[in-house]
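Input: a single structure, listed below in structure tokens.
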Amino acid sequence: MAHVFAPLPSVPDHPRLEEEILQWWEDERIFEQLRERTRGGPKWSFIDGPVTANKTLGVHTAWGRTLKDVFQRYKALRGFDQRYQNGFDCQGLWIEVGVERQLGLNSKREPHTALAVPREHRRR
């Protein structure tokens, strides 16, 4: 009996396989085709916040992002037109909080605007 699929290697080269798949997606315009197919369908999206700027990515965050990605793919396959906006920029908040700590500001009632922050703390 002939093999339907090529046999898998005993030790797959995952990075190479990923590059091949990504190239196939690009060559065949897979994502663009999906967007064309779902254009005009019922609208659906959610916005996933960014990974915190001052900590490393935890496995629990990776699991959550994977599940969210699977859910978006499911909704796309069901014909939903999506924005694909997985994130928003709130990294400045963590920088602001860090500078406030450095300056000893303990309350939002204390000056905390860019004008009140000494120049050497504004950009690093």
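The numbers here are math on the coordinates, done by the rules we state, and not lab data. Keep in mind that this is a model prediction, so the values were computed, not measured. Don't worry about glycine lacking a Cβ; one is built from the backbone with ideal geometry, like all the others, and counts go over all protein chains shown.
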key: Residue exposure sequence - T66, T56, T61, T38 - by fewest surrounding Cβ within 10 Å   = T56, T66, T61, T38
query = Using θ = phi - 60° and the Karplus form 6.51 cos²θ - 1.76 cosθ + 1.60, what ³J(HN,Hα) does each residue of the stretch 11-23 get, whole Hz, x for Gly and Pro?
reply = 10, x, 8, 4, x, 5, 4, 5, 4, 5, 5, 4, 5
Whether the stretch 14-77 is rounded, prolate or oblate, judged on the alpha carbon gyration tensor where a/c under 1.5 counts as rounded = oblate
